[in-house]
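The values are calculated or read from the model by the stated rules, or taken from the named source; none is laboratory data. In this text the structure is predicted, and so the values were computed from the model without any measurement. With ideal geometry, Cβ positions are generated from the backbone for all residues, glycine too; neighbour counts draw on all protein chains shown. With ligands, DNA and RNA removed, areas are computed over all heavy atoms of the protein, side chains included. Shrake-Rupley method; radii C 1.70, N 1.55, O 1.52, S 1.80 Å.
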Amino acid sequence: MLEKRYDFKTREKHWQDFWRENDIYKFDANAKDKYMIDTPPPTISGNIHLGHVFSYTQIDVIARHERMLNKSVFFPFGYDDNGLPTERYVQKEKKVRMSDMSRSDFISLCIDTTRKMKDVYEDIFSSAGCSADFKNAYSSISPRTQEISQRSFIELYKAGEVERRNSATLWCPECRTAIAQSEIDTVEMDSTMNYLNFSIKDSDEKLQIATTRPELLCACVCVFVHPEDEKRAHLVGKKAITPIYNVEVPIIANPDVDREKGTGAVMCCTFGDEADAKWQKEFDLPILEGIGYNGRITDLAGEFAGMKATEARSAIVAKLEELGVLYDKKPITHAVSTHERCGTAIEIAVRPQWFIKLLEHKDEIYKAGESVKWYPEHTQKRFLNWVDGLKWDWCISRQRLYGIPFPVWYCADCGATIIADENNLPVDPSKTMPNKPCPHCHGTNFVPENDVMDTWATSSLTPQICTDLLTNKGLDDSYIPMDLRPNAHDNIRVWDFYTIAKSLLHFKKLPWRDVMISGWGLSATGTKLSKSKSNGGTLGPHEAYEKYSADVTRYWASNASLGKDVFIQDEEFNNGFKLMQKLWNASRFVLSFLEGYKLTPNTEPEHLEPMDIWILECYKSTYKKFMSYMDKYEMGLALNELEQLFWNFCDNYIEIAKNRLYKPEIYGEPAKESAQYAAGCVLLGMLKLFSIYMPHVTEEIYQDYFAEIEGQKSIHTSGYLELTPENTSQTLAYGNKVCDIVSQVRGYKSQNNLSMKDEISKVTILGLYCTVESFVKDCANDIKAVCSIKELEFEKGQQEEVKIEK
RNA sequence: GGGAGCUUAGCUCAGUUGGUAGAGCAUCUGCCUUACAAGCAGAGGGUCACAGGUUCGAGUCCUGUAGCUCCCACCA
């Protein structure tokens, strides 16, 4: 017998322990029917918030659903505790600077800090009832992961897909590292357009140049004008002289120049932006490093050397004004590329870097993007659009400390690249040296590669890293393609993209069959929740669990259309709370009539009352719709269907059936048993469907009666209840007519200020109801009882009508 | 500038092949009814952003317009 009140505060914890102790979610690698999820490993870079709970709950709902379809579900868990985000977090949290510490001290501080954070993360997710396997969680910095990641590097190196080049790279002067195209944000910034006069060699003419980056004047290597620019055609081939530095630079015709922009003449500096980088290559221009790796102006700038770029900018503008070269300034706003991690405007720097070749595989990646199934469907376009716009190979080297090292040394004598032996991975080249002399010059002095790999070079291997937990085979494709990659829309161009790229490079196979793209949980005002900032008053995970319960928090998270952002609003939580209470009360009521009754869900009793058949058909119809939504990962829409059935069950069916349950002496024992069967079955079926959203309360109810009936340890491994379909549509329509009639009598009572139990002396049902006459007539007892009608008559007539006489 | 999504009741959103506009919240009215007052029963409320088109019929399909959001491009 269920308690009067459901005490979620103690029961949720109880069931979480129960599931853990009984290994309910254990994956069986030998199972025939498996479902494999490439779970996103959360980045350890700050406090976890409801936005995370939002995403992981949606994944968990899918995992639970597949489990209820009797599949063995591989739902691994991992932590992305590697690389730049973690470094930044640790420095901030521990108030240290990486540059002040030794590499090994800093790394052990990172490992220590992330270990503590992992416990916090696991607690938040398992308290939400997440059924992932936290016990065997992988880490993106563990030796095993390092081994897999380094092996991937070596394989691709041997295949010629990765190479070291000294070429222009996107550079963050704040983090002092190369970054990849996917790590760039674009931010609108205020700036000033400065108009300068360059003089022309052997001429009195002036060439007007507009620039937002006068600090790069020292790195100016040429001036471009448009080939069809008549006014300036005569200047092509002459030399312009840069102000302040008085350096002669060629004036070159270039069709890329936009004649409407600025003055129509461009100074090209190596490098001010990506266009400069492109032009440098095209015209084979010299490379002058105006800004150093630290973001400061170099010696090229003479008196300005050592200044930060922004300081230098104003100093140089002042100087230009003083020289009378600056003839105009206009404030503008323009888009600036910034590093997503720190917001600093990126520069372009030349330095030897490791690249994975992507540009030459664009077509294959594009086609793979077409083959993967994206849910919702339109997210595919976002992926394809990104692949279309790809401009850089993937720079995977980072000039940082905390990451997976390259398994690479350089021969000190001949400069040859020495790749580590695949049997000796993982390797830290700064600690270990090659075990053989240089194959080229037989030298024995080596310089380690001190850069570390981009975190995505490793994260892109999660299908291998997580299935390695099963196979111990490392870089292996036995489980590829997996069934599902779930993540939010911000990761389409990053994690999804890189994973597909690597899977193609290594295995020529898709990493997974489906991608489910979820939205974000946003604050009540629609702002993005942030790990590093507090989100002023926004509900936190534990607050939510305590105030509303984990089940209700999950209800909020999963009650959204796929891919849509959802606000954290009390109303939604309140709805979930009401649902949970209602589920409890309705179950308590139904179960109170099942004591001593042995429910046999798959064997119907000989006699079934019409409205019992009706509710069973309602269930079957909902079940079908529910499944078709879940096939598309539309868990929110599936939930809506289910809720509709549930409220219909409560408000109409239970009210109708309760009289037969209470008074078998009036309505007969078979009519009671019919109701016991129908109510029991439909409740059981609904509980199972609800269990993927609200695993705790449904387990509590299930354990009270159904667990024994079904001989199951837990509702979550009990499988859905599928009842054989019948003549659904007619029965549904007929039953709905009965509900109509009941509703009209209820309306009459409402309008006449009557209580629902007040008796109505006579009701006549006329007309159109004749088409369903026998069904409705067979429900006469139910109708009379639920509406307290003394006399009920049926008459043929033209119009459908319910006549009520008080 | 290119791509995607959105625009439906006061609010948050459903609306799967075209066929009489839906839910929850909010508002109003009534009701302690042997599960539930954190409840129940009812009621009001919408030119489905706008303009065209296809169709017997359009929230749904097509074209265009406007506004909002996101991604990409735009850094002289």
>> Suppose every Lys and Arg Cβ carries +1 and every Asp and Glu Cβ carries -1, with no other charges. What dipole size does the stretch A:462-572 come out with about its Cα centre, to the nearest 20 debye?
In response: 520
>> Could you tell me which residue out of A:Trp456, A:Ala305, A:Leu216 lies farthest along the dipole of chain A toward its positive end? Charges go on the beta carbon: Lys and Arg +1, Asp and Glu -1, centred on the Cα centre.
In response: A:Ala305
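Could you state the accessible area per residue of the stretch A:312-465 in Å², with a 1.4 Å probe and every protein chain left in place?
Values: 6870 Å² over 154 residues.
That works out to 45 Å² per residue.
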> Which residue, chosen from A:Ser126, A:Leu156, A:Ala137, occupies the Cα position most advanced towards the positive end of the dipole of the stretch A:124-173, where the dipole is computed from +1 (Lys, Arg) and -1 (Asp, Glu) charges on Cβ about the Cα centre?
Replying inline: A:Leu156
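Listed here are the pairs A:Lys598/A:Lys777; A:Lys381/A:Lys509; A:Lys34/A:Lys373; A:Lys71/A:Lys509; A:Lys578/A:Lys790; A:Lys373/A:Lys582; which of them are more than 27 Å apart at the Cα?
Numbers: A:Lys598/A:Lys777 30 Å; A:Lys381/A:Lys509 20 Å; A:Lys34/A:Lys373 18 Å; A:Lys71/A:Lys509 24 Å; A:Lys578/A:Lys790 35 Å; A:Lys373/A:Lys582 37 Å.
Going by Cα-Cα distance, A:Lys598/A:Lys777; A:Lys578/A:Lys790; A:Lys373/A:Lys582 fall outside the 27 Å limit.
Leaving out ligands and nucleic acids, note down the accessible area per residue over the stretch A:650-806 with a 1.4 angstrom probe, in whole Å². Walk me through the intermediate numbers first.
Details: 6860 Å² over 157 residues.
Value for the stretch A:650-806: 44 Å² per residue.
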> Which length gain, in nm to one decimal place, applies between A:Asp23 and A:Lys373 when the Cα-Cα distance is subtracted from 0.36 nm times their residue separation?
Replying inline: 122.8 nm
> Zone of A:Ile184 (label point 7 Å along Cα→Cβ, backbone N under 12 Å): which residues in the stretch A:353-389?
Replying inline: A:389
>> Cut-off under 21 Å on the C-alpha distance; same-chain residues fewer than 8 positions from A:Lys784 excluded. Which lysines are left, in chain and number order?
In response: A:Lys658, A:Lys663, A:Lys672, A:Lys737, A:Lys749, A:Lys757, A:Lys762, A:Lys796, A:Lys803, A:Lys806
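How high is the FRET efficiency between A:Lys762 and A:Arg5 when r is their beta carbon distance and R₀ equals 35 Å, given to the nearest 0.05? Before the final figure, lay out each step's value.
Values: r = 42 Å, r/R0 = 1.19.
That gives a FRET efficiency of 0.25.
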>> Shape verdict for the stretch A:2-155, please, from the Cα gyration tensor: rounded (a/c under 1.5), prolate (a/b greater than b/c) or oblate.
In response: oblate
> Tell me which lysines have Cα within less than 16 Å of A:Lys502's Cα, excluding those fewer than 8 residues away on the same chain?
Replying inline: A:Lys158, A:Lys357, A:Lys362, A:Lys367
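Rounded to the nearest 20 debye, what is the charge dipole size of chain A about its Cα centre when +1 sits on each Lys and Arg Cβ and -1 on each Asp and Glu Cβ? List each step's numbers first, then the result.
Working: 96 positive and 118 negative charges, 157 e Å.
The calculation lands at about 760 debye.
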>> Tell me which trypsin sites (Lys or Arg not before Pro) from the stretch A:405-503 have a DSSP coil assignment and no more than 15 other beta carbons within 10 Å of their own.
In response: A:Lys431, A:Lys473
> For a label point 7 angstrom out from the Cα of A:Lys663 toward its Cβ, which stretches of the stretch A:775-806 have the backbone nitrogen within less than 20 Å?
Replying inline: A:777-794, A:805-806
> For chain A, with the dipole built from +1 on Lys and Arg beta-carbon atoms and -1 on Asp and Glu ones, taken about the Cα centre, which of A:Phe77, A:Trp409, A:Leu504 lies farthest toward the positive end?
Replying inline: A:Trp409
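About its Cα centre, what dipole magnitude does the stretch A:405-499 give when the only charges are +1 on Lys and Arg Cβ and -1 on Asp and Glu Cβ, stated in debye to the nearest 20? Present the calculation step by step, with values, prior to reporting the outcome.
Details: 5 positive and 13 negative charges, 24 e Å.
Around 120 debye, computed over the stretch A:405-499.
Among DSSP beta bridges lying fully in chain A, give the percent that are antiparallel, nearest 5. Display every interim value, and only then the final one.
Details: 61 of 89 bridges.
Taking every DSSP beta bridge with both residues in chain A, the antiparallel ones total about 70 percent.
For chain A, which whole percent of the accessible surface, found with a 1.4 angstrom probe, sits on carbon and sulfur atoms? Can you show the working numbers first?
Values: 15940 of 34640 Å².
That share works out to 46 percent.
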>> If I model a spin label as a point 7 Å beyond the Cα along the Cα-Cβ vector, how far apart are those points for A:Ala335 and A:Ala707 in nm?
In response: 5.7
> By its C-alpha gyration tensor, with a ≥ b ≥ c as the square roots of the eigenvalues, how is the stretch A:220-323 shaped: rounded for a/c under 1.5, else prolate for a/b larger than b/c, else oblate?
Replying inline: prolate
> Say R0 is 30 Å: what FRET efficiency, to the nearest 0.05, do A:Gln208 and A:Asn294 get from their beta-carbon distance?
Replying inline: 0.35
>> At 7 Å along Cα-to-Cβ for each site, give me the label-to-label distance between A:Asp100 and A:Gln730 in nm.
In response: 8.4
>> At 1.4 Å probe radius, can you tell me the per residue accessible area of the stretch A:1-123 in Å²?
In response: 45
> Could you give the length gained on full extension between A:Ser478 and A:Asp740, defined as 0.36 nm per residue of separation minus the Cα-Cα distance, in nm?
Replying inline: 88.6 nm
> Nearest 0.05, what FRET efficiency do A:Lys362 and A:Asn30 give at R0 = 56 Å with Cβ-Cβ as r?
Replying inline: 0.90
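Among A:Met756, A:Met686, A:Met1, what's the order by accessible area (1.4 angstrom probe), most exposed first?
Highest to lowest solvent-accessible surface, that is A:Met1, A:Met756, A:Met686.
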